[in-house]
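S.K.: Have a look at this one.
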Amino acid sequence: MERINAWTTYSEDDVKKVTGLGERYKAYLDRSKTERECTRETIRLAEKEGYKDLCKVKSLKPGDRVYVNTMGKAVQLFIIGSEPLEKGLNIIGAHIDSPRLDVKQNPLYEDSDLAYLDTHYYGGVKKYQWVALPLALHGTVAKKDGTCVDIVIGEDETDPVVGISDLLIHLSGDQLQKKASVVIEGEALDVIVGSKPLKDAEKDKVKAAVLEILKEKYGIEEEDFLSAEIEAVPAGKSRDMGLDRSMITGYGHDDRVCAYAEVEAMFAVKGTPKYTCCCILADKEEIGSVGATGMRARYFENAVAEIMDRCGCYSELSLRRALTACRMLSCDVSAGYDPSYAEAFEKKNAAFLGRGVCFNKYTGSRGKSGSNDANAEFMGRLRAIMDGAGVAFQTAELGRVDKGGGGTIAYICALYGMEVIDSGVPVLSMHAPWEVISKADLYEAVKGYNAFLLNA
């Protein structure tokens with residue numbers, strides 16, 4: 001069934017709301033270029049809305065709002081509902097990590113009067129997209145004395161940027177014969193950070209000059225890279241795209257556009273909901289949801305146990321019943337149909353920019369490998385919820401059957417036995433340094449996620 005473009009249904013008041021949401025989202029995106037920054041920004045906004053740190057709360061009652069901070073890289077928001085927790089939570093979950101270049105532990109070196117930082121790319125990237133591009137450095141350096149230093153270089157208009165060079169067209173005959181997957185090798189993604197020598201240095205004078213700058217500005221020694229997490233990301237702010245300003249281009253739409261839609265949907269819940277509402281913002285999805293802050297870890301389960309304890313209803317059996325009874329939207333972006341690459345899509349089952357929030361009954365690759373594949377009954381209930389709330393929505397799968405595919409955190413949460421389906425915003429140029437979304441799809445996602453929280 002073909003869905004109409006949501007813009008054609010909007011009143012002037014709707015357009016104002018879409019525009020305002022777009023401005024708030026751009027500000028959030030620009031302040032959240034890493035998972036650490038996204039966690040901090042989400043907590044900042046949540047505290048303004050009355051959310052309290054669960055660690056500082058001894059008891060909970062219906063209507064209370066709390067958050068759980070997981071190592072500064074993941075966060076969960078909860079609104080306690082009037083129904084017993086054993087009847088399940090209404091959950092919306094996204095991830096807040098994005099493809100990028102991670103600086104290695106022994107990164108700084110000099111070659112031919114240029115200083116470089118050696119990197120290891122994170123997540124699925126087309127490596128050739130990351131050269132000849134202004135990059136910024138964001139991260140945290142943990143020093144031996146226990147103090148941490150936060151770094152952001154390249155975002156202020158007066159800041160310098162860094163970057164990766166590419167071979168000039170005049171000498172690139174051999175390079176252009178290579179496959180796109182190897183035209184730029186992973187070990188060639190080294191970031192240029194300086195070229196001016198330190199006169200008094202005995203050797204590696206450019207490297208020495210860079211180290212002097214880092215020591216003077218941040219108090220960082222070369223050895224401190226051993227305990228640092230520094231990411232190279234595209235420099236610059238997100239921008240309206242299109243002469244009609246209907247789209248937004250920026251770094252990290254996957255998956256911070258869904259994360260922000262979740263946050264807005266949670267903030268739109270007023271008073272006490274029927275069922276406890278939960279927003280999960282997880283780390284490490286782009287590399288398999290691994291590690292202590294990835295969705296495979298048990299911090300969500302542990303948070304629910306702590307919530308139940310503070311509500312005075314915890315037992316191991318009650319926890320199991322609560323997790324099994326949950327209803328969840330795994331909010332991750334979908335591939336937007338791109339007519340320039342029509343051969344990669346099956347048009348009848350593709351997501352289109354501007355036609356609303358997208359539901360993917362299954363993701364995975366080829367024979368649905370790695371997919372959650374939601375139940376038809378759950379999808380039927382969601383259709384009723386979306387239609388009842390006047391939400392523009394569409395359904396899709398991730399490209400042609402034999403073209404590839406991808407996964408989300410849905411299958412991990414489904415391990416508890418809860419109902420889960422993928423739902424997100426269509427994106428053009430997914431995983432590129434600059435991605436594109438429609439403001440209308442973001443608006444419909446917020447409406448849809450809020451309707452789910454209140455009615456699932």
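S.K.: Tell me which residues, restricted to the range 6-60, are part of a loop (DSSP other than H, G, I, E, B) and either among the small types (Gly, Ala, Ser) or at pLDDT below 95 (or both).
M.R.: If the condition is that a residue be part of a loop (DSSP other than H, G, I, E, B) and either among the small types (Gly, Ala, Ser) or at pLDDT below 95 (or both), then SER11, SER32, GLY50, SER59 are the ones that fit.
S.K.: Further question on the same structure: Among the residues of the range 166-190, which ones are exposed (fewer than 10 other Cβ atoms within 10 Å of the Cβ) and β-branched (Val, Ile, Thr)?
M.R.: Answer for the range 166-190, where residues must be exposed (fewer than 10 other Cβ atoms within 10 Å of the Cβ) and β-branched (Val, Ile, Thr): just ILE169.
S.K.: Could you identify the single residue in ARG383, ARG355 that is among the basic types (Lys, Arg) and either under 21 Å from HIS95 (Cβ atoms) or part of a loop (DSSP other than H, G, I, E, B) (or both)?
M.R.: Selected residue: ARG355, the only one of ARG383, ARG355 that is among the basic types (Lys, Arg) and either under 21 Å from HIS95 (Cβ atoms) or part of a loop (DSSP other than H, G, I, E, B) (or both).
S.K.: Let me ask you something else. Can you say whether GLY72 is closer than 29 Å to GLU397 by Cβ and either within 21 Å of the chain's Cα centre (by Cα) or not in a strand (DSSP E or B) (or both), as far as the supplied structure shows?
M.R.: The answer is no for GLY72.
S.K.: Next question. Residues that are aliphatic (A, V, I, L, M) and over 30 Å from TYR260 (Cβ atoms): which strands (runs of 3 or more DSSP E) entirely in the range 86-184 hold 2 or more of them?
M.R.: By residue number, 114-122.
S.K.: On to the next question. May I ask you to say which residue of VAL193, VAL210 is buried (at least 21 other Cβ atoms within 10 Å of the Cβ), assigned to a strand (DSSP E or B) and not assigned by TED's automatic domain parsing to the domain that holds ARG296?
M.R.: The unique qualifying residue is VAL193.
S.K.: Considering only the range 38-52, I want to know if a residue exists there that is surrounded by 15 or more Cβ atoms within 10 Å (Cβ to Cβ), in contact with an Asp or Glu (Cβ under 9 Å, 6 or more places away or on another chain), over 28 Å from LYS270 (Cα atoms) and not hydrophobic (A, V, I, L, M, F, W, C).
M.R.: no
S.K.: For GLY219, only one of the following conditions fails: (1) over 30 Å from VAL75 (Cα atoms); (2) over 28 Å from the mean Cα position of the chain (by Cα). What is its number?
M.R.: Going through (1) over 30 Å from VAL75 (Cα atoms); (2) over 28 Å from the mean Cα position of the chain (by Cα) one by one, GLY219 breaks only (1).
S.K.: Sort out which residues of the range 292-348 are closer than 30 Å to HIS253 by Cβ, assigned to a helix (DSSP H, G or I) and β-branched (Val, Ile, Thr), and write them in order of number.
M.R.: Result: VAL304, single match.
S.K.: Next question. So which residues in the range 260-282 are crowded, with 24+ Cβ neighbours inside 10 Å and either in a loop (DSSP other than H, G, I, E, B) or not assigned by TED's automatic domain parsing to the domain that holds CYS413 (or both)?
M.R.: Within the range 260-282, TYR275, THR276 meet the criteria.
S.K.: Moving on to the next point. Just one of ALA342, ALA384, ALA374, ALA351 is in the same structural domain as VAL425 (by TED's automatic domain parsing) and in contact with a Cys (Cβ under 8 Å, 6 or more places away or on another chain); which is it?
M.R.: ALA351 is the lone residue from the list that is in the same structural domain as VAL425 (by TED's automatic domain parsing) and in contact with a Cys (Cβ under 8 Å, 6 or more places away or on another chain).
S.K.: When the range 397-416 is examined, which residues are found to be assigned to a loop (DSSP other than H, G, I, E, B) and either over 14 Å from SER365 (Cα atoms) or of a type outside the set (A, V, I, L, M, F, W, C) (or both)?
M.R.: GLU397, GLY399, ARG400, ASP402, LYS403, GLY404, GLY407, THR408, ILE409
The values are calculated or read from the model by the stated rules, or taken from the named source; none is laboratory data. Predicted, not measured: the structure shown is a model, and the values here were computed from it. Please note: Cβ atoms are built from the backbone with ideal geometry, for glycine as well, and neighbour counts cover all protein chains shown.
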